[in-house]
Each structure stands twice: as structure tokens, then as C-alpha cells.
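The next block holds one structure in the form of C-alpha cells; read it before the comments.
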Amino acid sequence: MSGTETSLLPQGTIVEADEIRGERGVAVEAIGNAEIIRDSLRIRGDRLRFDELTDEASGEGRVVIQDTAKGFQVEGPRGRLYVTAKEGEIEQPVYRYDPPEHVKDQSRAGHGQGQKLFFEGENQYRLLRGTWTSCPAPDPAWYVKADELKLDYDRNQGQARNMSLVLHGVPILAAPYAEFPLSKERKSGFLTPTAGMSTQSGFDVAVPYYFNLAPNYDATLTTRLMAKRGVQLGGEYRYLTPSYQGQLRGEFLPSDRQADRNRALGSLQHQQSISPSWSYSLDLNAVSDKNYFRDLSSRIELSSISHLVRKGRLNYYNPAGWGGSLLMQEYQTVDRDVTEPYRRLPQLTLWHRPIDLPGGLQLDLGGHYTEFRHDQAGSPGLYGMNWVDGSRFVLAPSLSLPIYRSWWHFEPRVQWHYSRYDLDQAAIEQGRTQITRSIPITSLDMGLAFERDAAFFGRDWLQTLEPRLFYVNTPYRRQSDIPLFDSSRFGYGFAQIFYPNRYVGDDRISDADQITFAVTSRLLESETGWERLRVTLGQRYYFETPRVLMPYESPILDRRTDVLGEADVHLTRQMQFKTFWQYNPNENQTQRLNTGVRYQPGFARVLNLDYRYTRDLLEDVGIGVQWPLAKRWVGVARMSRSLLEERLTEAIVGLEYDGGCWVLRTAFHRYALSADDENTAFFVQLELNGLGSLGSSPETLLRRSVPGYGKIQPTATSTMLGTEGGM
């Protein structure tokens, strides 16, 4: 027989083949290029049979069963399928799940093979002695192999019995039972175990279990084994609703073998909207002892923490513009060399949004009342001042005339700073316990912006010149017996020199008759607008030498402050130079210098060189680099050396290997805890794209230490044996 025959059966089933035999209403047999079609289901083979009475399709000779709507296809030498029920089996299957383009979740792609595949209903498949992987065929770098493998594409979850994880033919993980995600959706189950090593804890392995309780809240329980210390139990609960959100976290280590005591951590962050006008927040943190982070964390940013905040805030705002807050705040000090701050029990703040007045004037209203408490009240404190309990009331309204135009701005401002202190004890000998301070503060901020076209280096440029003047006048008030509840010296930089007070906080208001001058020049490419150069110089001049000082401050001897300089230069698209300079013209001395060069010609190719200097205090040099070493191999390193102490303060050496659909990352990290102590940590992570990762990730460390660090392969949000998701 020549040509192709087509038969349309009553169930809406189409049968096509070179030759069709049989009896309609009973069964038909298709021979040669045979195909059975019903809706999105297609069954192809050399020889197929369709039984209308049982709705069963069967065949042999390269049988292919395909659901075009779902993207699932399986091929084998023989098989059968009850078409409507989607139940059946196929021998020696080779399958793939490749979602079509219209399916939103493309992360479900995967493939594998086995001894036999069972169809167990819509989107349900079970393999005997089968494999699954998201690596490209035909020779995947890794795969999951199991005696029995269930693939549930309704729940996007796989289950494996007597499984092993195979990487390049070598089993690297085995388990009698495991669950793993078939997509990036969050799933309950064991998350990837993390493992590492540090000087403080020894060999360190953590096994988390993730509970996907609901779309808007979840929980994680973690068991952590530290060879030198014991077993720690930890948990985290996260929640998110339209009106409130937050997370609760806790850790407990019973009988730490190194410290010989129980150790614990607790943390709660919560924000909630009560009504359109009212909201509140909680941020509560506590640890059992001062050395908790130093001993139990391998992260340098946690090991150097000084205070843990504990605060609650109630906020109010109404459409008329009034707002306020009630704050209760204290700290737990976890650094033995740092004093404990004052507690605010409570602080009441009231303010109004800027009020527009006739003539372009603007009125700002604000004030606050605070009760300060300290455990050592009545005893000597720092710099000859006593710790005291007391209250402070501050009122600081201001009136300004802001005028901003495209090429100039002009803003005069008048502020009245009123404060009253009621103290239980005097802060200094023969000091006052009731103090009232009233200070008018006037300022004038004005600036210009000039532009001109220029041509040099064979290119057209736009060059700017932007001078700025800032004048402040504040009369002197005696303040030496006012306690330092929350005030300290401002850092000295461009942001601070355009601020009317030399101090942060309300306990010291600097007297001033001063002017600050700064000028900025930019160089932009005319065609693209890309800023290639920005240079700023600035200095403050005192018409009258300030008399208000902190207890630890030396008198100001010169009316000219240090000169500040800042430059940001893009030498090329790949190379950037940045520097900050503080220079004392009277002593002809550099006080501070921070400078760095970044060369970044491409992804995962970056070189950072930096130098930090603070006179008589700090002199560090550092280098950070991420660079390909060979095909698929990338090296990462960071070295920081103190020239004053003549020692390495931080060292990171890492290697990354890109295996195509898997990545191996290793990192060695050593950093100084103090002048005589240091910690060493080791990270190893194996990331399998589409399945997850094994080990302890050094990604956060590398991003912080090597600016411009590029992760050589995006992390799959799925994790082995579960899914760790965000909300």
C-alpha cells in the first residue's frame, strides 16, 4: 500500500500510518510511521495498536510518547498507555521534560533514563533504576541515580529511594531516601548540609530542615555539629502579610566544651501597620555572653560586632502632616573593650512635614524628649565625666528660603535650638543638674554650576565648574557640664563640612563663625554623557576659633581646617581610580589617604589595589583579585597587610571551577580577631545547577572582600533535598 492512511476514531483520536488495519469500534493497528494523536498527546512508533474498548494504546519498535502541552517526552522499545487515564509503562525509557516557551516556570527542565517508566496519572511518573539531571544531554556531568525515582510535576518534587548523587561517574553522596525539587518553587524538606572548618570551632557541619508552611510564612530548623564545641540547635521563622512581617531566630548550644557553659542567641525583627496612621516595629537581639560571635561565627563582620540593639518603636503619622514616634531602646555590649551606651527609656519624638509659607519660605518643626538611663549611674565614667541618669528635651524649629535653579542655588536658614536637661547627678564636679540651653543657628548655602565645551585628546567634552559656599554662625554657650548621652565627634569628610554642627547628637552644639568652600569639576563625554572625571576640593575657615569641645578633644589652634580632596577617574571603561585625601597645610602633613584602583576588563576578571592611611593610627595595603587561571579555573584572593603592625590582618585564597552545569568553590580565610588572636575558616561548596548546592558557601565573603567579584554561575535557588526560598 502506498501513501499514508488516516483514521479518525469516535473518541477524537487520530491514527496515522502507512497502513491501518482493524475494525472500528473495537481496535485498529497502525503499521509504518505510525502515530496516534489525541489533543496534545502524541504516540509514535513503528507499529502501534489502539483498543477503543479499553482506551489503551500500545506499540513496539522505538515507541515515543509525547505531551506537547506539558513538554514531556519519553522513548523506549515498547510500551503501553491508557490514554485518558494517563496510566501505563514503557521499557528502557529515555525521557526529558522540556517546558514549552509559554510555560512560566522554565526551571522544571530535566531528563534521564531507566529500566522502566510507569505513567501513574497526569504529571506523575515513576522510574525503576532510573536517573534524573538538569545537565545537558547526552553525557551529563552529574545526575541523581536511584532504585526507584518518582517525579511529581504537580508538586514539582522528586523522590528517590536508595539514591546516589553521581559527579563525572563518581558517587559523591548516598542516602536511603531523598527528596529534591524539580523547579525553583519552595518545598519542605532537608536543605543542603553545610560543612566547613575554623580555628574556633574545628570541623563544622550544619543540617537544616525547611518547612514550607504557607506561601507567606516558613520555618527552618538547623542542627549544627562543631567538633570542638558540641551540637547546636537553631531555628528561624519568617512571616509576611499585607499588614505585618518579620522573622524570629534562635540558637542554643548546651555545654560548650571549649567555654564550659551553655550558650544561646535570640533575635526578633517585626514590623506591623496597625492602621493608616499607626505602626510599630520591634528589633530585639541577645546573646548569652560577650564572646558568642567571636567563638561561633566564621564571618569577620559578626566577630567584630560591638553592640546588639534592643528596641521597640511606635510610629504615628496623619494626613495633616503631623507625625511622631515613641522609642524604647537599649543595647547589649558584646565587646569587652567598649563601654555600654545609655538606654533611652523612652524617647518621644514629634515633627511636622515642611510647611510652605508665603514668599517661598519653608518652616520645619521638630522636637523630642528622652529619658536616659545607665547601670553605672553615679560612678565615674570616661574623660572625667560621671555616668548620670537624666532627661533631655530638645526643640529645633527652623525657617528657610530654598531657591534652586538649573545653574545656581541659594538657601538661607535660621534655626533655634532649645534644650533642657534634668539630671539626677552632676556630670562633672560642681556641675549643674538642671541645664537650659538656647542657641540661634544661622546658615547660608549657595552654589553655582558653570559648563563649557572643550576638545582635547581627540574628543569632545563637557566640562563643569561647581563652586559652593556654606556659612554658619552659632554663638557660644557653655556646655562642658552637659553629659554625653548620645553625642560624638563627626567624621571629617565632604558630607560633614556642609553640616552646621561639628558633632553628631544634641549634647554638644558647636559655636561657629565659619565658612566652608568647595569646588567640584566634572569632565563628561559629549556624545555619551559618561562622566570620566570628578574632582572636588574643600576647606573650612573659622573666623572665630570654636570654644566648644568634647572632653577628649584638643583645642583648635588654627582657623584653617585640613584640606579635603576627592577624585573619581574612569581611565577607561575597564579601569577606575578613586581617592580621598585629607591634608594639614599648617604641618605640611597628610592626615588621611584612601586610594584604590580597580581594573575590570570583563566578567569574573577584576583586580583591586587599595591603600589606607590614617596618621599615627593606620596604614594598610590590600589587593583583591578574581581572575581566570586556566580553562574553567578561576582564582580569587584578598590580602590585607598592616604596615604599622607589620603583619597580615586578612588573607583569603580561593579557587572556583566551572564544570558547565556545576561549580566547585573553595576558600581559605584567615583574619585577625585582636593583636594576639586570629581565626581561620575553610569553605567548600559544590553547586549543581537546577538541583542546588552542597557545602558552605563563601559567596558573601568573596563579594565583600573583592569588590566587583562576579559569581561565575548563577546560584540555583533550589537546594538539594529541599528548597530554600525567600518571601
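The values are calculated or read from the model by the stated rules, or taken from the named source; none is laboratory data. A quick note: this is a predicted structure, and the numbers were derived from the prediction, not measured. Cβ atoms come from the backbone with ideal geometry, glycine included; neighbour counts cover every protein chain shown. Side chains are part of the model used for accessible areas, which takes the heavy atoms of the whole protein and leaves out ligands, DNA and RNA. Shrake-Rupley method; radii C 1.70, N 1.55, O 1.52, S 1.80 Å.
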Length-normalised contact order of the chain in % [C-alpha pairs under 8 Å, at least 6 apart]: 7
How large is the accessible surface per residue of the chain, computed with a 1.4 Å probe and reported in Å² as a whole number? 50
For Arg263, residues with placed amide H under 5 Å, excluding near neighbours: Leu253, Ser255, Asp256
Please get the size of the charge dipole for the chain, origin at its Cα centre, with Cβ charges of +1 on Lys and Arg and -1 on Asp and Glu, quoted in debye to the nearest 20. 1200
Would you give the gap between the C-alpha center of segment 575-629 and the C-alpha center of segment 215-279, rounded to a whole Å? 38
Can you give me the C-alpha center-to-center distance between segment 485-561 and segment 662-700, rounded to a whole angstrom? 41
Express the carbon and sulfur contribution to the solvent-accessible surface of segment 322-468 as a percent, rounded to the nearest whole number, probe 1.4 angstrom. 57
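Rounded if a/c is under 1.5, else prolate if a/b is larger than b/c, else oblate: which is segment 566-671, with a ≥ b ≥ c the root eigenvalues of its Cα gyration tensor? Walk me through the numbers on the way to the answer.
Numbers: a/c = 5.05, a/b = 1.75, b/c = 2.88.
Oblate.
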Note to self: C-alpha centroids of segment 407-458 and segment 13-40 sit apart, in Å, by 89
Using +1 at the C-beta of Lys and Arg and -1 at the C-beta of Asp and Glu, which of Met385, Thr433, Ser419 has the Cα lying farthest in the positive direction of the dipole of segment 373-436? Ser419
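Quick check on packing: order 471-484, 626-639 by the mean number of other C-beta atoms within 10 Å, highest mean leading.
So the order, starting with the most tightly packed, is 471-484, 626-639.
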Quick one: which residues, 5 or more positions from Asp513 or on another chain, have an amide H under 5 Å from its amide H? H modelled 1.01 Å from N in the peptide plane, none for Pro or chain starts. Thr474, Phe543, Glu544
Hey, any idea what % of segment 134-217's accessible area is carbon plus sulfur with a 1.4 Å probe? 58
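Quick one: compute the contact order of segment 335-399, relative version, from alpha carbon pairs under 8 angstrom and 6+ residues apart, as a percent.
On the way: 109 pairs, mean separation 20.2, N = 65.
Once divided by the residue count of segment 335-399, the mean separation gives 31 percent.
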In whole Hz and in residue order, list the ³J(HN,Hα) couplings for segment 59-65 that follow from phi through the Karplus curve 6.51 cos²θ - 1.76 cosθ + 1.60, θ = phi - 60°; x for Gly and Pro. x, 8, x, 6, 7, 10, 10
What value, in deg cm²/dmol to 500, does the helix sum -39500 (n - 2.57) over DSSP H runs of n ≥ 4 give at 222 nm once divided by the residues of the chain? -500 deg cm²/dmol
Where in segment 1-100 are there trypsin sites (Lys or Arg not before Pro) that are in a DSSP coil and have at most 14 other Cβ atoms within 10 angstrom of their Cβ? Arg24
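Explain nothing, just the number: relative contact order of segment 459-527, from Cα pairs under 8 Å at least 6 residues apart, as a whole percent.
Numbers: 101 pairs, mean separation 37.9, N = 69.
In percent, rounded to a whole number, it is 55.
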For P(r) over Cα pairs in 20 Å bins from 0, in percent the list reads (1) 12, 32, 33, 16, 6, 1; (2) 16, 43, 30, 10, 1, 0; (3) 12, 23, 23, 21, 16, 5, 0; the calculated value is entry (1)
